[in-house]
1. Taking the conditions exactly as written (touching a Leu at 6+ places or on another chain (Cβ under 6 Å) and in contact (Cβ under 8 Å) with a residue 60 or more places away in the chain), does residue B:334 satisfy them or not?
2. Taking the criterion of being in contact with an Asp or Glu (Cβ under 6 Å, 6 or more places away or on another chain), within 30 Å of residue B:293 (Cβ to Cβ) and either modelled with pLDDT of 95 or more or part of a strand (DSSP E or B) (or both), would at least one residue in segment B:158-176 satisfy it?
3. Just to be sure before I move on: is residue B:421 in contact (Cβ under 8 Å) with a residue 40 or more places away in the chain, within 14 Å of another protein chain (Cβ to nearest Cβ), crowded, with 23+ Cβ neighbours inside 10 Å and touching a helix residue (DSSP H, G or I) at 6+ places or on another chain (Cβ under 7 Å) in the structure I sent?
4. Determine which single condition residue A:435 fails, assuming it passes every other condition in (1) surrounded by fewer than 24 Cβ atoms within 10 Å (Cβ to Cβ); (2) away from chain B (no Cβ under 13 Å).
5. Select from segment B:208-230 the residues that are under 14 Å from residue B:320 (Cβ atoms) and not β-branched (Val, Ile, Thr) and write down the one among them that is nearest to the chain's Cα centre (by Cα).
6. Please verify whether segment B:178-187 includes one or more residues that are outside any strand (DSSP E or B) and either within 14 Å of chain A (Cβ to nearest Cβ) or modelled with pLDDT of 95 or more (or both).
7. Quick check on residue A:52: is it at the interface with chain B (Cβ under 9 Å from one of its Cβ atoms) and farther than 17 Å from residue A:136 by Cα?
8. Determine which member of the set B:441, B:450 is more than 7 Å from chain A (Cβ to nearest Cβ), outside any helix (DSSP H, G or I) and either in contact with a Ser or Thr (Cβ under 9 Å, 6 or more places away or on another chain) or surrounded by 19 or more Cβ atoms within 10 Å (Cβ to Cβ) (or both).
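The values are calculated or read from the model by the stated rules, or taken from the named source; none is laboratory data. Computed from a prediction, not measured in an experiment: that's the story for all the values here. Positions of Cβ are backbone-derived with ideal geometry, glycine not excepted, and every protein chain shown enters the neighbour counts.
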Number of protein chains: 2
Amino acid sequence: MNGAQALIRTLVDHGVDTCFMNPGTSEMHFVAALDDVTAMHSVLALFEGVATGAADGYARMAGRPAATLLHLGPGLGNGLANLHNARRAYSPVVNIVGDHATTHRRYDAQLQSDIETVARNVSTFVHTSESTVELSADALVALAAAVGPPGSVATMILPADVSWSEGGVVLSGSGPTGPLVGTVGAVPDEDVLDAAAAALRSGETAAILIGGQACTGRALDTIAAIAAATGTKLLAETFPARLERGAGRPPVERLAYLAEFTALQLEGVRHLVLVDTKSPVSFFAYPDKPSDLVPDGCTVHRLAEPGDDVGAAVLALAELLEVNERTAPRQAAATPAHPTGPLTAQAVCQALGALLPEDAIVSDEGNTSGLFAPGATAGAPPHDWLCLTGGAIGQGLPVAVGAAIGAPGRRVVALEADGSALYTLQSWWTMAREGLDVTTVLLNNHSYAVLNMELDRVGADSPGPRARDMLDLGHPSINFMQLATGLGLHAARAESAEEFTEELGRALTTPGPSVVEAIIPSLL
Amino acid sequence: MNGAQALIRTLVDHGVDTCFMNPGTSEMHFVAALDDVTAMHSVLALFEGVATGAADGYARMAGRPAATLLHLGPGLGNGLANLHNARRAYSPVVNIVGDHATTHRRYDAQLQSDIETVARNVSTFVHTSESTVELSADALVALAAAVGPPGSVATMILPADVSWSEGGVVLSGSGPTGPLVGTVGAVPDEDVLDAAAAALRSGETAAILIGGQACTGRALDTIAAIAAATGTKLLAETFPARLERGAGRPPVERLAYLAEFTALQLEGVRHLVLVDTKSPVSFFAYPDKPSDLVPDGCTVHRLAEPGDDVGAAVLALAELLEVNERTAPRQAAATPAHPTGPLTAQAVCQALGALLPEDAIVSDEGNTSGLFAPGATAGAPPHDWLCLTGGAIGQGLPVAVGAAIGAPGRRVVALEADGSALYTLQSWWTMAREGLDVTTVLLNNHSYAVLNMELDRVGADSPGPRARDMLDLGHPSINFMQLATGLGLHAARAESAEEFTEELGRALTTPGPSVVEAIIPSLL
């Protein structure tokens, strides 16, 4: 058995049975080994950012890591932005980067570069395997690091000769981690619990801000019940990795992207209880505006940090407050009417709210144009909402790929905007190749609209035409229907609300992927 | 004057008047300043890899650096692969990466990451500017580092508040570098010169291997004259950054990509004289094959290394050998007939050889299908040939963008393959937006053909269908004509040699960009 075979067998034995890849020559033995270990589902991407973003989306929905396979330092570079997003999502990823053979390094061949240095930026664990016999053990340590908690990117650097050499062994399930059981996170100290409970009982205005594990399942129900019982405002972080929402689920308002609105959401709050999230800060800094969004005089209580045992922390707080999770408020079912008239961002979101099927997964990178989507879908059948955790655009389509593979049988909607779609458009080809049930809603306003807003917000004095021109995607205008068709997908283009609703309805009920391009005016 | 204005003025004052950008919020003051300093030509890219590759192509043709403008760590990540190629090309690049405001760093906001660590991998110089008043001086130091020699990537990290704050000053042309005059490189010691001269006079089989500065202008003429006068084989490195060739220029054979062929090219060579290139090594390692391609018993003479004064070294050797550069052999003009019949990779290259206009620039990322291109164009009118210096695919189209802007008035041909085009396809939109005279020849064989070859070459035992499937781009098949049209370009698709020749002829003589997709069988 060679190293590649041993590595893939080890991964599969421990539940990592999906690999998103864009391989090159140094990864050819890994690729060849796919015929020996057929339990590994390998998914080809045309660009590394698709592979890494898909691994993130997969982990968010499957709750376990996928592997990636990237080609040397440049391949890692191409995958870096979505590994950044995965890091911010606390998604477990086993990130495998092929390298030159160990014997080849000293020649500084054309593709040689310092992979470890680049990987360190996004990884909690970086290791270059130097020996075929140890590869299986290396994989188990990487897997343990990836699983956490919290989940993280663990990078294995795999020299070609370590991969191709004979002498591979497969460690059994009794390796360092066992089959995908992470360590147990910390539970809060009693005084933290007491302080949080006292704050929520104090009668002073309070808010609970949730993220991570607190946005799904029993933890969400429990924290929502606590908020309701204590009259506390419940908020989610701006971009949670996965938020369960819709009819029958606790309604949760997300913190706004714009600090001006966040200030309104947190106005008068004297106690802020954080559950698996960080204290709120503005996305960017602006001249003469604070970065820290906690109101003056507000006390911050950190009930659980990423990696803690969030479920236990929330239950302990509920017990202390004598709150039962079954008392959580539930969102009533309510879907908007089909929109009519000219197509706008609002009409697109309204149609989405009207048609979103049960158990859908929304990968949200709608940016400015998607602003109305959470409101329009609040009472839609229960669904999951996946956000741009790290702020690096080009995540939405890859995450949709991974979510569809990680949660088969569920409809995925990629709510996508023209500016962000163009970073990782190659995702569409993988959707077609794998026959994924992903419907892309492409909001085309012919601009980097968010930047037009930011250009004003940063206080730049009266931006001139040359600046505005750098944010304009309309010359030449981009035809996403043609781009989708060119990459092998069925696609349609809508210019009225009625057209859009009809095309979206067809796309959502037809198996396989398709794209509906919505031509809309910019909001800004 | 704010920092951004001072920075742009400083760059423009020192000849850096082109900036390839994909900005975000933290770069909005730089963008706003474009209306204050209108001498800076700003070129928008939809993806950072387009911007960095364009800066590389620009430098190769203009002989001076362009600037880039990238958005934080993820933007740098997206640009990293082509910065790797630029590094290998010794192209000078002033790589500007926007960052959060210095006051914002400690909050670890969503887009925060360690930019310096990532930049270090591709840069000879990395510096985070901490003060508005020092920004101009920082730019001059970065520029000096970029210009070298040898040219290199110099990364300036520009925090948003350093950019937006008032107090910027512009240092005059008497700054550390003056207007783009690099330091002078070293000349060879006399004993190195003597040894090289003795080797070439020895009567033993010798070869001269050139790269970098030795591939253009007077240095090329001189070294070709030396080779001819001493009966020495003249070879260029596999992927030179810029090779001047065609009718009336010295003919130079390039070292093969495949080590098996390189071995034939170097067979029997007892003396290898290196001029601005490294000793030849195989691109990748293969089981049981040597990485070092220098034949046993061959002595290597390093006449000039990257960064040395290559012109002086070559002239000194010519003087010692009493060779006049005017005696360099010259390629006779000869163009192939127009191809007929079924369209193949060979027919495409033949048509290119027949139609390539004078002073054309070929950005070559044709990979396997482009194999016949150097032969078919050897006797075409004089032109420049730009190669995949670092081996990171996704370079060809961005380099074509930069070459067209760096050498206005010349026709650029991007010889591109389906697999590699898909990494940085967004380049086409920038070509359309800027109205660049770039003709893309897209060789579509529906596969990663080079990897099918490599899968066999690495000695993987009888690759199976699951492995082959990872190299197959045909399911679904990709329609590049639609992709080009969707991005705003005129495009055509050819399936016979006659069709292709006609479309290529039209594309080469029509102002502005267009794409000719050639549907060909895979060579492999």
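1. For residue B:334, the condition - touching a Leu at 6+ places or on another chain (Cβ under 6 Å) and in contact (Cβ under 8 Å) with a residue 60 or more places away in the chain - is not met.
2. no
3. Working: in contact (Cβ under 8 Å) with a residue 40 or more places away in the chain: yes; within 14 Å of another protein chain (Cβ to nearest Cβ): yes; crowded, with 23+ Cβ neighbours inside 10 Å: yes; touching a helix residue (DSSP H, G or I) at 6+ places or on another chain (Cβ under 7 Å): yes.
Against the criterion (in contact (Cβ under 8 Å) with a residue 40 or more places away in the chain, within 14 Å of another protein chain (Cβ to nearest Cβ), crowded, with 23+ Cβ neighbours inside 10 Å and touching a helix residue (DSSP H, G or I) at 6+ places or on another chain (Cβ under 7 Å)), residue B:421 qualifies.
4. The failed condition is (2).
5. The qualifying residue nearest to the chain's Cα centre (by Cα) is B:225.
6. First, the residues of segment B:178-187 that are outside any strand (DSSP E or B): B:178-187.
Narrowing further to those that are either within 14 Å of chain A (Cβ to nearest Cβ) or modelled with pLDDT of 95 or more (or both): none.
No - not one qualifying residue is present in segment B:178-187.
7. Here the answer is no, as residue A:52 does not meet what is asked.
8. On the way: B:450 fails: outside any helix (DSSP H, G or I).
The match here is B:441.
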